[in-house]
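Here the structure comes first, spelled out in C-alpha cells, and everything after it is commentary.
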C-alpha cells in the first residue's frame, strides 16, 4: 500500500473551537480492553461484502430519518436504520443529517456509499460480490445503547441471511 | 463478519477500540472522495479493501496517503444551519478553544 508515511489529522477540517471541544472527549490513552476481532474468512476476491453508512441516507420510497424530533431534543438522534439495495443510485435516495452537508451524497451516492464502485470491482473480480443489501443509519447516537438492539441487531441478522463475510463502514 | 471502517476520525478509533480502521484525511460526508471522481473513489476503496485483508491485530489503524485538493475552509462540509447539539453547547465549545489557548 502506498500509505505508510502519512499520519491523518482527524481535526484538520474542524473549526478550531469545535476541534478543541471534541478533543476534550478523547482520552490520551489508547483503548486498553479487548477489541472484538473476526478474521477475514476468505480473500476479498471471494468475499461477499456489504456497506454500512451513518450518513442518514434513505430510499425515497421509505420514511426519511426524523430530524424534527432532534431539533426539539438536541441530544436525541433517530435510532432506526434503512436498507439500501445494491441497485440504488443518487436518484433513488434522500439524505437527512443535521451535522453534515448532505448536498454531495445527493449528487453522487458513491462519495459516502460506494455501491457503483463496488459493483465495478465485482465485475472485475477484485471482490467476490457486493451483497444484495447495504444499510444506512443516522450517525448521531449520543449516549444511547438502544440503537444496538433496534438497528445493529436486525442489520446483522439480515447480513448473515445474505451470506455477508465482511462489512465496509463509512461514517459521515 | 469482519469489519473495516473508513474513517476521518482515527483519534476516536484509537480511544474507543475499533477492530480495523483505514484513516483518511477527507472532509466529513465524503470519505470516498469528490463528487464524480470515479478514479479517486476507486483508489480509496481499493486501499480500504487492502487494509481489510492485511490488518493483523485488533485495533489496527492504517493511515491512507490521500490528500484532499481543497483547503479546509473551502470544503463546505458543514450543514447549512448550525446543528442542534452545537447550539446547546456553543458556550462550552468557545470555552474549550480559549482553554487551549
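Points worth noting:
- Whether segment A:120-167 is rounded, prolate or oblate, judged on the alpha carbon gyration tensor where a/c under 1.5 counts as rounded: prolate
- The listed peptides A:126-132, B:71-77, A:105-111, ordered by packing as a protection proxy, come out as A:105-111, A:126-132, B:71-77 (highest mean of other Cβ atoms within 10 Å first).
- Were the residues from residue A:66 through residue A:25 laid out at 0.36 nm apart, the gain over their Cα-Cα distance would be 12.1 nm.
- 10 Å Cβ neighbours from other chains, averaged over peptide B:11-19: 6
- As a length-normalised measure over Cα pairs under 8 Å and 6 or more apart, the relative contact order of segment A:1-131 settles at 28 percent.
- Relative contact order for segment B:12-88, counting Cα pairs under 8 Å that sit 6 or more residues apart, in percent: 43 percent
- Share, in percent, of DSSP beta bridges within the protein assembly as shown that are antiparallel, nearest 5: 30 percent
- On Cα atoms only, tilt of B:84-100 relative to the major axis of chain B in degrees: 90 degrees
- Treating r as the C-beta distance of residue B:53 and residue B:81 and R0 as 51 Å, the FRET efficiency rounds to 0.80.
- Per-residue average of Cβ from other chains inside 10 Å of A:27-37: 5
- Cα long-axis angle, helix B:38-54 against chain B (0 to 90 degrees, to the nearest 10): 70 degrees
We did not get these values from a lab; they are worked out from the coordinates using the rules stated. Keep in mind it's a predicted model, so treat the numbers as computed, not measured. Counting neighbours? That spans all protein chains shown, and the Cβs are built from the backbone with ideal geometry, glycine included.
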